[in-house]
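Report on one structure; see the data block that follows.
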Amino acid sequence: MEIQNTSFLSINQLADRIYSKPRTDEAKTTEGLSFQEILAQKSKGETGSLRLSKHAANRLTDRGIELSIEQWQRLEGGARKAEQKGIKDSLVIVDDLAFIVNVPNQTIVTAMDSTQTDENVFTNINGAVIM
């Protein structure tokens, strides 16, 4: 009987390779942060800036809304104020622009200017911040 030398591993060899690898104490994310570090940041309230949902980005483009740096900073400040007050879904008004912000996720859900707020009715919010 002739035994061929192949690059295939037996089940036992494969199991030995898998289980003999030393495990690190902290698994790193693609950004180089461990789960513990991310959890510590989130619990301390160290969050990044607001993100735009795909829907909100489309609304800004479709409606020709452009934000200045100063308006963006005021929008972020409004989201921080909403977070401090325990608001989960907030209407944040900056100048003549209205934004619905999901505060826990730090995500802008939708955006509109004063021409799109014909009835001035906003639903599914539990607080508002006027900047």
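Each value in this text was obtained by applying a stated rule to the coordinates, not by laboratory testing. All values derive from a computational prediction rather than experimental measurement. Cβ placement follows ideal geometry from the backbone for every residue including glycine, while neighbour counts extend to all protein chains displayed.
Observations on the structure shown:
- Counted by Cβ distance under 11 Å from Gln71, the other residues give a net charge of -4, where Lys and Arg count +1 and Asp and Glu count -1.
- Length released on extending from Asn105 to Glu119, taking residue separation times 0.36 nm less the Cα-Cα span: 2.3 nm
- 3J(HN,Hα) from dihedral phi, the range 87-104, Karplus parametrisation 6.51/-1.76/1.60, rounded to Hz, x for glycine, proline: 6, 8, 10, 10, 8, 10, 9, 10, 6, 9, 10, 10, 10, 9, 10, 7, 5, x
- The range 70-131: GluC sites (Glu not before Pro) falling in loop per DSSP and having at most 12 other Cβ within 10 Å: Glu119
- Net charge in the neighbourhood of Gly127 (other residues with Cβ under 11 Å of its Cβ; Lys, Arg +1, Asp, Glu -1) is +1.
- The chymotrypsin sites (Phe, Trp or Tyr not before Pro) of the range 57-131 meeting both criteria, a DSSP state outside H, G, I, E and B (loop) and at most 16 other C-beta atoms within 10 angstrom of the site's C-beta, are Phe122.
- Compared with the direct C-alpha span, the chain from Asn58 to Gln71 gains 2.8 nm at full extension, assuming 0.36 nm per residue.
- Amide H within-cut-off set for Asp95, under 5 Å, with H built and near neighbours excluded: Met131
- Sparsely packed loop sites in the range 53-131 (the trypsin sites (Lys or Arg not before Pro) outside DSSP H, G, I, E and B with at most 12 other Cβ atoms within 10 Å) comprise Lys85.
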